[in-house]
Amino acid sequence: MRPPLFDKNTYMDQARALLAKFNSRFHSAAKVYRAPGRVNLIGEHTDYNDGFVLPAAIGFSCWVALAPRDDRQLVLYSENFDDSVEVNLDDRHLHATGKWSDYPIGVAATLEQAGYRLPGANLYIAGDVPLGAGLSSSAAVEVSTAFALMDAARHPIDLKKLALLCQRAENEFVGARCGIMDQFISCHGRAGNALLLDCRSLDFQLLRLPPQIRLVICNTMVQHKHESSGYNARRAQCEEGVRKLSKVYPQMRALRDISLSDLESHRSLLSEVVYRRCRHIVTENARTLAFASALRSGDTAALPQLMTDAHRSIRDDFEVSCQELDIMVQLAEQQPGVLGARMTGGGFGGCTINLVEASASDAFCERVAQGYAAATGHYPNIYVCEASQGVGMADAS
Ligand code: GLA
(Lines give C-alpha, C1' and ligand atoms only; values in the text may rest on other atoms or scores of the structure.)
Protein backbone atom coordinates (compact mmCIF):
# COMPACT_ATOMS: atom_id res chain seq x y z
CA MET A 1 0.00 0.00 0.00
CA ARG A 2 1.34 3.47 -0.82
CA PRO A 3 1.41 5.75 2.17
CA PRO A 4 -1.27 8.42 2.04
CA LEU A 5 0.01 11.74 0.73
CA PHE A 6 -0.86 15.02 2.37
CA ASP A 7 -2.69 17.83 0.76
CA LYS A 8 0.18 19.36 -1.20
CA ASN A 9 -0.54 22.95 -0.38
CA THR A 10 -1.03 22.63 3.34
CA TYR A 11 2.26 21.06 4.32
CA MET A 12 4.58 21.56 1.36
CA ASP A 13 6.47 24.50 2.85
CA GLN A 14 7.15 22.72 6.11
CA ALA A 15 8.23 19.56 4.31
CA ARG A 16 10.63 21.52 2.07
CA ALA A 17 12.12 23.38 5.02
CA LEU A 18 12.76 20.09 6.80
CA LEU A 19 14.38 18.58 3.72
CA ALA A 20 16.75 21.51 3.50
CA LYS A 21 17.75 21.07 7.15
CA PHE A 22 18.17 17.34 6.68
CA ASN A 23 20.38 17.98 3.69
CA SER A 24 22.66 20.38 5.48
CA ARG A 25 23.13 17.89 8.35
CA PHE A 26 23.29 14.58 6.46
CA HIS A 27 24.19 15.73 2.91
CA SER A 28 21.63 13.62 1.09
CA ALA A 29 18.07 13.60 -0.14
CA ALA A 30 15.34 12.24 2.17
CA LYS A 31 11.63 11.60 2.44
CA VAL A 32 9.47 13.55 4.86
CA TYR A 33 6.74 12.15 7.11
CA ARG A 34 4.35 13.78 9.52
CA ALA A 35 2.19 12.51 12.40
CA PRO A 36 -0.11 14.70 14.49
CA GLY A 37 -0.74 15.21 18.19
CA ARG A 38 -4.32 14.94 19.39
CA VAL A 39 -7.00 16.41 21.55
CA ASN A 40 -9.64 14.22 23.15
CA LEU A 41 -13.18 15.61 22.99
CA ILE A 42 -14.64 13.11 25.45
CA GLY A 43 -13.95 9.60 26.80
CA GLU A 44 -11.17 10.09 29.33
CA HIS A 45 -9.27 7.18 30.90
CA THR A 46 -11.71 4.84 29.17
CA ASP A 47 -9.20 3.49 26.62
CA TYR A 48 -7.40 1.15 29.02
CA ASN A 49 -10.80 -0.01 30.27
CA ASP A 50 -11.77 -1.36 26.82
CA GLY A 51 -14.17 1.58 26.45
CA PHE A 52 -14.89 4.39 24.00
CA VAL A 53 -12.93 7.55 23.20
CA LEU A 54 -13.61 10.44 20.82
CA PRO A 55 -10.36 12.24 19.93
CA ALA A 56 -9.39 14.37 16.94
CA ALA A 57 -5.94 14.81 15.41
CA ILE A 58 -4.69 18.41 15.50
CA GLY A 59 -2.40 20.51 13.30
CA PHE A 60 0.52 20.35 15.76
CA SER A 61 2.75 17.57 14.48
CA CYS A 62 6.02 15.71 14.62
CA TRP A 63 7.98 15.74 11.37
CA VAL A 64 10.59 13.17 10.42
CA ALA A 65 12.94 13.39 7.45
CA LEU A 66 14.57 10.03 6.80
CA ALA A 67 17.10 8.54 4.41
CA PRO A 68 18.02 4.86 4.64
CA ARG A 69 21.68 3.87 5.10
CA ASP A 70 23.59 0.82 3.88
CA ASP A 71 24.41 -0.34 7.41
CA ARG A 72 22.29 -0.94 10.52
CA GLN A 73 23.07 2.32 12.32
CA LEU A 74 20.19 4.61 13.34
CA VAL A 75 21.42 8.18 13.55
CA LEU A 76 18.78 10.39 15.13
CA TYR A 77 18.86 14.14 15.46
CA SER A 78 16.21 16.04 17.44
CA GLU A 79 15.83 19.68 16.52
CA ASN A 80 13.77 20.35 19.66
CA PHE A 81 16.50 19.07 21.97
CA ASP A 82 19.42 19.93 19.66
CA ASP A 83 20.84 16.52 20.42
CA SER A 84 21.87 13.53 18.39
CA VAL A 85 21.97 9.86 19.32
CA GLU A 86 23.30 6.87 17.43
CA VAL A 87 22.44 3.20 17.99
CA ASN A 88 22.85 -0.04 16.09
CA LEU A 89 19.75 -2.06 15.23
CA ASP A 90 21.66 -5.30 15.90
CA ASP A 91 22.26 -4.24 19.50
CA ARG A 92 20.07 -6.64 21.53
CA HIS A 93 20.50 -4.53 24.67
CA LEU A 94 18.84 -1.30 23.58
CA HIS A 95 17.05 0.20 26.56
CA ALA A 96 15.40 3.40 27.75
CA THR A 97 17.69 6.16 29.02
CA GLY A 98 15.07 8.72 30.07
CA LYS A 99 15.77 10.93 27.04
CA TRP A 100 13.74 12.09 24.03
CA SER A 101 15.38 9.34 21.97
CA ASP A 102 13.61 6.59 23.94
CA TYR A 103 10.53 7.10 21.76
CA PRO A 104 12.07 6.68 18.28
CA ILE A 105 14.54 4.02 19.44
CA GLY A 106 11.79 2.17 21.31
CA VAL A 107 9.69 2.15 18.17
CA ALA A 108 12.57 0.82 16.03
CA ALA A 109 13.37 -1.90 18.57
CA THR A 110 9.70 -2.88 18.85
CA LEU A 111 9.24 -3.10 15.09
CA GLU A 112 12.31 -5.31 14.82
CA GLN A 113 11.09 -7.54 17.65
CA ALA A 114 7.77 -7.88 15.84
CA GLY A 115 9.66 -9.25 12.84
CA TYR A 116 9.95 -6.14 10.65
CA ARG A 117 13.59 -5.94 9.60
CA LEU A 118 14.63 -2.32 9.18
CA PRO A 119 17.51 -0.68 7.38
CA GLY A 120 19.81 1.69 9.21
CA ALA A 121 18.77 5.30 8.63
CA ASN A 122 19.54 8.95 9.25
CA LEU A 123 16.59 10.76 10.82
CA TYR A 124 15.99 14.46 11.43
CA ILE A 125 13.11 14.88 13.91
CA ALA A 126 11.34 18.17 14.58
CA GLY A 127 8.03 18.67 16.33
CA ASP A 128 5.71 21.53 17.18
CA VAL A 129 3.35 19.66 19.54
CA PRO A 130 3.68 21.55 22.86
CA LEU A 131 5.72 19.30 25.15
CA GLY A 132 4.25 18.12 28.43
CA ALA A 133 0.88 19.70 27.65
CA GLY A 134 -1.09 16.46 27.29
CA LEU A 135 -1.43 16.78 23.51
CA SER A 136 0.44 13.56 22.77
CA SER A 137 3.77 14.79 21.53
CA SER A 138 5.11 11.32 22.34
CA ALA A 139 2.56 9.50 20.17
CA ALA A 140 3.36 11.93 17.32
CA VAL A 141 7.08 11.05 17.56
CA GLU A 142 6.37 7.32 17.78
CA VAL A 143 3.93 7.20 14.90
CA SER A 144 5.93 9.42 12.53
CA THR A 145 9.12 7.44 13.21
CA ALA A 146 7.42 4.06 12.90
CA PHE A 147 5.73 5.05 9.66
CA ALA A 148 8.97 6.45 8.21
CA LEU A 149 10.98 3.32 9.14
CA MET A 150 8.33 0.96 7.76
CA ASP A 151 8.17 2.93 4.52
CA ALA A 152 11.97 2.99 4.22
CA ALA A 153 11.98 -0.80 4.65
CA ARG A 154 9.16 -1.08 2.07
CA HIS A 155 7.03 -3.07 4.50
CA PRO A 156 3.28 -2.80 3.85
CA ILE A 157 1.77 -0.50 6.47
CA ASP A 158 -1.33 -1.53 8.37
CA LEU A 159 -2.26 1.51 10.46
CA LYS A 160 -4.03 -0.48 13.19
CA LYS A 161 -0.98 -2.68 13.68
CA LEU A 162 1.28 0.35 13.56
CA ALA A 163 -0.71 2.06 16.32
CA LEU A 164 -0.55 -1.08 18.48
CA LEU A 165 3.21 -1.43 17.97
CA CYS A 166 3.77 2.21 18.91
CA GLN A 167 1.69 1.70 22.05
CA ARG A 168 3.76 -1.39 22.83
CA ALA A 169 6.96 0.63 22.43
CA GLU A 170 5.65 3.19 24.91
CA ASN A 171 4.42 0.52 27.37
CA GLU A 172 7.39 -1.82 27.23
CA PHE A 173 10.41 0.19 26.08
CA VAL A 174 9.67 3.63 27.50
CA GLY A 175 7.78 2.16 30.46
CA ALA A 176 4.61 4.30 30.39
CA ARG A 177 1.37 2.32 30.70
CA CYS A 178 -0.71 4.40 28.26
CA GLY A 179 -3.80 3.10 26.46
CA ILE A 180 -4.27 2.98 22.68
CA MET A 181 -6.04 6.31 22.08
CA ASP A 182 -3.10 8.59 21.28
CA GLN A 183 -1.30 6.34 18.81
CA PHE A 184 -4.56 5.32 17.16
CA ILE A 185 -5.77 8.84 16.42
CA SER A 186 -2.30 9.91 15.28
CA CYS A 187 -2.57 7.10 12.70
CA HIS A 188 -6.23 7.46 11.71
CA GLY A 189 -7.14 11.16 12.13
CA ARG A 190 -9.05 12.78 9.30
CA ALA A 191 -9.32 16.51 8.57
CA GLY A 192 -12.60 17.96 9.81
CA ASN A 193 -13.50 14.82 11.76
CA ALA A 194 -13.41 13.41 15.26
CA LEU A 195 -13.02 9.65 15.61
CA LEU A 196 -15.15 7.39 17.79
CA LEU A 197 -12.97 4.44 18.75
CA ASP A 198 -14.05 1.23 20.39
CA CYS A 199 -10.86 0.46 22.28
CA ARG A 200 -11.74 -3.23 22.57
CA SER A 201 -12.40 -4.12 18.93
CA LEU A 202 -10.50 -1.13 17.48
CA ASP A 203 -13.48 -0.52 15.20
CA PHE A 204 -13.84 3.17 14.56
CA GLN A 205 -16.11 5.70 12.99
CA LEU A 206 -15.22 9.14 11.68
CA LEU A 207 -17.68 11.82 12.76
CA ARG A 208 -17.78 15.13 10.95
CA LEU A 209 -17.43 18.09 13.27
CA PRO A 210 -19.82 20.98 12.66
CA PRO A 211 -17.84 23.29 10.31
CA GLN A 212 -18.64 26.41 12.36
CA ILE A 213 -17.00 24.93 15.47
CA ARG A 214 -13.35 25.45 16.43
CA LEU A 215 -11.43 23.19 18.77
CA VAL A 216 -9.95 25.69 21.18
CA ILE A 217 -7.27 24.21 23.41
CA CYS A 218 -6.30 26.14 26.53
CA ASN A 219 -2.96 25.20 28.04
CA THR A 220 -2.87 25.78 31.81
CA MET A 221 0.96 25.79 31.59
CA VAL A 222 1.13 23.54 34.63
CA GLN A 223 1.91 19.84 34.85
CA HIS A 224 1.85 18.41 38.32
CA LYS A 225 4.64 16.07 39.34
CA HIS A 226 2.52 13.07 40.26
CA GLU A 227 1.13 12.77 36.72
CA SER A 228 2.56 9.36 35.87
CA SER A 229 2.19 7.82 39.32
CA GLY A 230 -1.38 9.17 39.41
CA TYR A 231 -2.09 7.61 36.01
CA ASN A 232 -0.76 4.22 37.07
CA ALA A 233 -2.66 4.38 40.37
CA ARG A 234 -5.94 5.04 38.48
CA ARG A 235 -5.27 2.07 36.22
CA ALA A 236 -4.65 -0.15 39.24
CA GLN A 237 -7.90 1.02 40.88
CA CYS A 238 -9.87 0.23 37.73
CA GLU A 239 -8.26 -3.22 37.64
CA GLU A 240 -9.17 -3.76 41.27
CA GLY A 241 -12.77 -2.86 40.44
CA VAL A 242 -12.82 -5.47 37.66
CA ARG A 243 -11.29 -8.13 39.92
CA LYS A 244 -13.92 -7.61 42.62
CA LEU A 245 -16.91 -7.21 40.33
CA SER A 246 -16.02 -10.22 38.22
CA LYS A 247 -16.83 -12.41 41.24
CA VAL A 248 -20.49 -11.59 40.56
CA TYR A 249 -20.10 -11.08 36.80
CA PRO A 250 -17.76 -13.90 35.73
CA GLN A 251 -17.99 -12.88 32.05
CA MET A 252 -16.74 -9.41 32.82
CA ARG A 253 -13.30 -8.58 31.40
CA ALA A 254 -13.25 -4.81 31.80
CA LEU A 255 -15.34 -1.94 33.20
CA ARG A 256 -16.76 -1.66 29.70
CA ASP A 257 -18.84 -4.77 30.43
CA ILE A 258 -21.10 -3.45 33.20
CA SER A 259 -23.92 -0.92 33.37
CA LEU A 260 -24.36 1.74 35.99
CA SER A 261 -27.14 -0.26 37.64
CA ASP A 262 -24.89 -3.38 37.79
CA LEU A 263 -22.28 -1.24 39.48
CA GLU A 264 -24.75 0.29 41.91
CA SER A 265 -26.14 -3.12 42.91
CA HIS A 266 -22.69 -4.37 43.89
CA ARG A 267 -21.25 -1.19 45.28
CA SER A 268 -20.66 -2.87 48.63
CA LEU A 269 -17.96 -5.08 47.05
CA LEU A 270 -15.81 -2.01 46.44
CA SER A 271 -14.07 0.57 48.56
CA GLU A 272 -15.54 4.06 48.27
CA VAL A 273 -12.63 5.24 46.10
CA VAL A 274 -12.65 2.27 43.73
CA TYR A 275 -16.43 2.59 43.40
CA ARG A 276 -16.04 6.23 42.29
CA ARG A 277 -13.26 5.37 39.82
CA CYS A 278 -15.51 2.69 38.32
CA ARG A 279 -18.48 5.05 38.22
CA HIS A 280 -16.46 7.54 36.20
CA ILE A 281 -15.53 4.93 33.62
CA VAL A 282 -19.04 3.49 33.30
CA THR A 283 -20.73 6.90 33.00
CA GLU A 284 -17.98 8.28 30.74
CA ASN A 285 -18.50 5.45 28.25
CA ALA A 286 -22.21 6.30 28.13
CA ARG A 287 -21.46 10.02 27.69
CA THR A 288 -19.01 9.30 24.89
CA LEU A 289 -21.57 7.27 22.98
CA ALA A 290 -24.22 9.95 23.58
CA PHE A 291 -21.79 12.63 22.36
CA ALA A 292 -21.10 10.61 19.22
CA SER A 293 -24.79 10.22 18.45
CA ALA A 294 -25.37 13.93 19.04
CA LEU A 295 -22.61 14.69 16.50
CA ARG A 296 -24.08 12.18 14.07
CA SER A 297 -27.54 13.74 14.24
CA GLY A 298 -26.27 17.34 14.33
CA ASP A 299 -27.76 17.88 17.79
CA THR A 300 -25.11 20.33 19.03
CA ALA A 301 -27.44 21.47 21.82
CA ALA A 302 -26.72 18.21 23.65
CA LEU A 303 -22.93 18.73 23.73
CA PRO A 304 -22.41 21.32 26.51
CA GLN A 305 -24.13 19.27 29.21
CA LEU A 306 -22.24 16.12 28.25
CA MET A 307 -18.93 17.97 28.48
CA THR A 308 -19.87 19.59 31.78
CA ASP A 309 -20.86 16.22 33.22
CA ALA A 310 -17.64 14.67 31.90
CA HIS A 311 -15.54 17.32 33.60
CA ARG A 312 -17.40 16.95 36.86
CA SER A 313 -16.97 13.19 36.78
CA ILE A 314 -13.25 13.29 36.04
CA ARG A 315 -12.81 15.94 38.74
CA ASP A 316 -14.90 14.40 41.52
CA ASP A 317 -15.00 10.66 40.79
CA PHE A 318 -11.73 10.03 38.99
CA GLU A 319 -9.86 12.90 40.67
CA VAL A 320 -7.34 13.66 37.94
CA SER A 321 -8.25 17.32 37.42
CA CYS A 322 -6.52 20.12 39.33
CA GLN A 323 -7.30 23.65 40.42
CA GLU A 324 -5.85 25.26 37.28
CA LEU A 325 -7.89 23.01 34.97
CA ASP A 326 -11.07 23.67 36.97
CA ILE A 327 -10.51 27.44 36.80
CA MET A 328 -9.95 27.24 33.03
CA VAL A 329 -13.14 25.23 32.53
CA GLN A 330 -15.19 27.56 34.71
CA LEU A 331 -13.96 30.63 32.83
CA ALA A 332 -14.74 29.00 29.50
CA GLU A 333 -18.26 28.07 30.50
CA GLN A 334 -19.04 31.74 31.17
CA GLN A 335 -18.16 32.85 27.61
CA PRO A 336 -20.65 33.26 24.77
CA GLY A 337 -20.51 30.82 21.83
CA VAL A 338 -19.14 27.91 23.88
CA LEU A 339 -20.51 24.44 23.16
CA GLY A 340 -18.70 22.70 25.94
CA ALA A 341 -15.51 22.81 27.99
CA ARG A 342 -13.62 20.14 29.91
CA MET A 343 -10.13 18.98 30.75
CA THR A 344 -8.55 16.74 28.11
CA GLY A 345 -5.96 13.96 28.27
CA GLY A 346 -4.46 12.26 31.30
CA GLY A 347 -5.03 15.19 33.69
CA PHE A 348 -3.01 16.66 36.62
CA GLY A 349 -2.43 19.76 34.47
CA GLY A 350 -2.12 20.19 30.73
CA CYS A 351 -5.01 21.45 28.64
CA THR A 352 -8.73 21.94 28.42
CA ILE A 353 -10.72 21.40 25.23
CA ASN A 354 -13.40 23.90 24.34
CA LEU A 355 -15.86 23.71 21.46
CA VAL A 356 -16.34 27.31 20.39
CA GLU A 357 -18.32 28.92 17.58
CA ALA A 358 -15.77 30.24 15.06
CA SER A 359 -17.24 33.75 15.24
CA ALA A 360 -16.80 33.84 19.03
CA SER A 361 -13.33 32.32 19.20
CA ASP A 362 -11.23 35.53 19.23
CA ALA A 363 -13.17 37.04 22.11
CA PHE A 364 -13.12 33.68 23.87
CA CYS A 365 -9.32 33.45 23.72
CA GLU A 366 -8.83 36.96 24.98
CA ARG A 367 -11.23 36.76 27.89
CA VAL A 368 -10.21 33.31 29.06
CA ALA A 369 -6.51 34.24 28.86
CA GLN A 370 -7.06 37.36 30.94
CA GLY A 371 -9.28 35.65 33.48
CA TYR A 372 -6.88 32.73 33.90
CA ALA A 373 -3.82 34.95 34.27
CA ALA A 374 -5.62 37.04 36.87
CA ALA A 375 -6.72 33.97 38.83
CA THR A 376 -3.53 31.93 38.73
CA GLY A 377 -0.61 34.18 37.80
CA HIS A 378 0.17 31.96 34.77
CA TYR A 379 -0.40 33.31 31.29
CA PRO A 380 -2.01 30.47 29.30
CA ASN A 381 -1.24 29.46 25.73
CA ILE A 382 -4.43 29.11 23.73
CA TYR A 383 -4.54 27.30 20.39
CA VAL A 384 -7.43 27.54 17.95
CA CYS A 385 -7.32 24.24 16.05
CA GLU A 386 -9.20 22.29 13.46
CA ALA A 387 -9.29 18.52 13.24
CA SER A 388 -6.41 17.40 11.05
CA GLN A 389 -5.14 14.47 9.03
CA GLY A 390 -3.36 11.45 10.54
CA VAL A 391 0.10 10.16 9.67
CA GLY A 392 1.42 10.23 6.12
CA MET A 393 4.27 11.02 3.82
CA ALA A 394 4.59 14.64 2.78
CA ASP A 395 5.17 15.45 -0.85
CA ALA A 396 7.87 18.11 -1.05
CA SER A 397 8.36 17.92 -4.80
C1 GLA B 1 -3.08 9.65 28.27
C2 GLA B 1 -2.86 8.24 27.73
C3 GLA B 1 -4.08 7.75 26.94
C4 GLA B 1 -5.36 7.93 27.76
C5 GLA B 1 -5.45 9.35 28.32
C6 GLA B 1 -6.63 9.55 29.23
O7 GLA B 1 -3.14 10.55 27.21
O8 GLA B 1 -1.73 8.21 26.88
O9 GLA B 1 -3.91 6.41 26.56
O10 GLA B 1 -5.47 6.97 28.76
O11 GLA B 1 -4.27 9.70 29.04
O12 GLA B 1 -7.81 9.45 28.53
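Table for the structure above
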item: Residues satisfying the stated conditions in the stretch 184-223, i.e. open to solvent by 60 Å² or more (accessible area, probe 1.4 Å) and outside any strand (DSSP E or B); result: ARG190, ARG200, ASP203, PRO211, GLN212
item: Yes/no for VAL174 being of a type outside the set (S, T, N, Q), over 21 Å from the mean Cα position of the chain (by Cα) and farther than 30 Å from GLU357 by Cβ; result: no
item: Every residue from the stretch 147-170 that is within 13 Å of ARG34 (Cβ to Cβ) and crowded, with 24+ Cβ neighbours inside 10 Å; result: PHE147, ALA148
item: Test set (1) acidic (Asp, Glu); (2) within 24 Å of ALA30 (Cβ to Cβ); (3) away from the ligand (no atom under 13 Å from the Cβ) - GLU142 fails condition number; result: (3)
item: Breaking point among (1) of a type in the set (Ser, Thr, Tyr); (2) touching a helix residue (DSSP H, G or I) at 6+ places or on another chain (Cβ under 7 Å); (3) over 21 Å from GLY132 (Cβ atoms), for SER201; result: (2)
item: Single match in LEU76, LEU19 (criterion: of a type in the set (A, V, I, L, M, F, W, C) and open to solvent by less than 30 Å² (accessible area, probe 1.4 Å)); result: LEU76
item: Top-ranked residue in the stretch 317-346 [being of a type outside the set (A, V, I, L, M) and over 23 Å from the mean Cα position of the chain (by Cα); ranked as most open to solvent (accessible area, probe 1.4 Å)]; result: GLN334
item: The stretch 30-48 residues that are part of a loop (DSSP other than H, G, I, E, B), paired with ones that are among the hydroxyl-bearing types (Ser, Thr, Tyr) and within 10 Å of the ligand (Cβ to nearest atom) (beta carbon under 8 Å, 6 or more apart); result: LEU41/THR344; GLU44/THR344
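Residues are listed down the side, and each one gets a yes or a no for (1) over 22 Å from GLY132 (Cα atoms); (2) surrounded by fewer than 20 Cβ atoms within 10 Å (Cβ to Cβ); (3) in contact (Cβ under 8 Å) with a residue 24 or more places away in the chain; (4) not assigned by TED's automatic domain parsing to the domain that holds VAL338:
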{"residue": "SER359", "(1), (2), (3), (4)": "yes, yes, yes, no"}
{"residue": "ASP362", "(1), (2), (3), (4)": "yes, yes, no, no"}
{"residue": "CYS365", "(1), (2), (3), (4)": "no, no, yes, no"}
{"residue": "GLY371", "(1), (2), (3), (4)": "yes, yes, yes, no"}
{"residue": "PRO380", "(1), (2), (3), (4)": "no, no, yes, no"}
{"residue": "VAL391", "(1), (2), (3), (4)": "no, no, yes, yes"}
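To keep it simple, each residue is scored yes or no on (1) touching a strand residue (DSSP E or B) at 6+ places or on another chain (Cβ under 6 Å); (2) in contact (Cβ under 8 Å) with a residue 40 or more places away in the chain; (3) among the hydroxyl-bearing types (Ser, Thr, Tyr).
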{"site": "SER228", "(1), (2), (3)": "no, yes, yes"}
{"site": "SER246", "(1), (2), (3)": "no, no, yes"}
{"site": "ALA254", "(1), (2), (3)": "no, yes, no"}
{"site": "ASP262", "(1), (2), (3)": "no, no, no"}
{"site": "SER265", "(1), (2), (3)": "no, no, yes"}
{"site": "ARG279", "(1), (2), (3)": "no, no, no"}
{"site": "ASN285", "(1), (2), (3)": "yes, yes, no"}
{"site": "SER293", "(1), (2), (3)": "no, no, yes"}
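The values are calculated or read from the model by the stated rules, or taken from the named source; none is laboratory data. Only a predicted model underlies this, so the values are computations on that prediction, with no experimental measurement involved. FYI the Cβ positions are ideal-geometry reconstructions off the backbone, even for glycines, and counts take in every protein chain you see. We work out accessible area using only protein heavy atoms, side chains counted, and drop any ligands, DNA or RNA first. Shrake-Rupley method; radii C 1.70, N 1.55, O 1.52, S 1.80 Å.
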